[in-house]
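Since the structure comes first, as C-alpha cells, the remarks are kept for the end.
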C-alpha cells in the first residue's frame, strides 16, 4: 500500500482525538468558577478619593474607574461589589467614579459594602450603587462640602516676617496662609462651597429616599441610624453584600 494511503487513516484518527480533546476543554472552560465567588467582582475603594491614579492613602478615580469598567465588560463577572472604606475626598473625584458606576449599572448590578467609614464623597459613590450594606457602627453620611483656609499671619507678625505678592488679580493669592481672607473672598468661597454641596446633595437625593432636612447640616450617622433614615439598605458585612449581589444578578 502506498505510504500516503497508510497515513490517511492515522491522520483521521489523530484528527478525531484532537476534536474530542477540544470538546472536553471547551466544557472545562465554560464550567470554571470565576475568581471572586461565582462571578462577583469585588473592587476596593480605600483612602481619600481624588482624580487620577491611586496611591498610598488615596483612591484615584482613574484606577477605580478602570477597575469598574473592566468588571462591567467582563462576561465572567455577573455583578460588582464596591468595598468602600474612605472618609471622602474631592467631589470631582467622586463624580468621575459615579460616571463609571453608571456605565457598569447598564450592564450588571452594582452593590456597595461600607467598611469602617464611608462619608462625604465616599457616600456619594455608594449612593449610585443598586444596594448599600453597612455594619451597625459604620460611620457614614457627612454629606456636603467644605473648604479649609489656614492663616498664620499672626505668628508671622510676631516673628517680624512678611510676604509681598505681585499679582494680576485681587483674588489670585486667595487662600494663602500668610494673610486672612478678605470679606469678598470669604463670600466667594461660600458661594463655591454651597454650589458644590447643592450639586452633590441633589445627585444623592436623585438616587436615595432621604429626607433633605436630615442631611442638611452634613452630620455623620452610625450604620443602624443610617438604615432607619434611608441612607443604606441592609445591615451586613462584605460577605452579605456579595450574597446580595449574587441574588441581584
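The values are calculated or read from the model by the stated rules, or taken from the named source; none is laboratory data. All of these numbers come straight from a predicted model, not from anything done at the bench. Note that we place each Cβ from the backbone using ideal geometry, even for glycine, and neighbour counts take in every protein chain shown.
A compact table of results
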{"quantity": "Search result, residues across the range 80-93 that are buried (at least 24 other Cβ atoms within 10 Å of the Cβ) and either farther than 19 Å from residue 51 by Cβ or modelled with pLDDT under 95 (or both)", "calculated": "80, 81"}
{"quantity": "Unique match (being at pLDDT below 95 and either within 30 Å of residue 106 (Cβ to Cβ) or outside any helix (DSSP H, G or I) (or both)) among 24, 32, 17, 62", "calculated": "32"}
{"quantity": "Search result, residues across the range 140-184 that are surrounded by 11 or more Cβ atoms within 10 Å (Cβ to Cβ), part of a loop (DSSP other than H, G, I, E, B) and in contact (Cβ under 8 Å) with a residue 40 or more places away in the chain", "calculated": "142, 143, 144, 145, 146, 149"}
{"quantity": "Every residue from the range 212-223 that is in contact (Cβ under 8 Å) with a residue 40 or more places away in the chain and surrounded by 14 or more Cβ atoms within 10 Å (Cβ to Cβ)", "calculated": "215, 218, 220, 221, 222, 223"}
{"quantity": "Set 118, 112: member being part of a strand (DSSP E or B), in contact with a helix residue (DSSP H, G or I) (Cβ under 6 Å, 6 or more places away or on another chain), free of Cβ contacts under 8 Å to residues at least 40 places away in the same chain and under 19 Å from residue 141 (Cβ atoms)", "calculated": "118"}
{"quantity": "Out of 72, 79, 92, sole residue that is out of contact with any strand residue (DSSP E or B) (no Cβ under 6 Å at 6 or more places or on another chain) and closer than 20 Å to residue 242 by Cβ", "calculated": "72"}
{"quantity": "Test: residue in the range 196-211 that is surrounded by 11 or more Cβ atoms within 10 Å (Cβ to Cβ) and outside any helix (DSSP H, G or I)", "calculated": "yes"}
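This table checks each residue for (1) more than 12 Å from the chain's Cα centre (by Cα); (2) more than 25 Å from residue 55 (Cα to Cα).
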| site | (1), (2) |
| --- | --- |
| 100 | no, no |
| 103 | yes, no |
| 107 | yes, yes |
| 111 | no, no |
| 114 | no, no |
| 129 | no, no |
| 133 | yes, yes |
| 140 | yes, no |
| 156 | yes, yes |
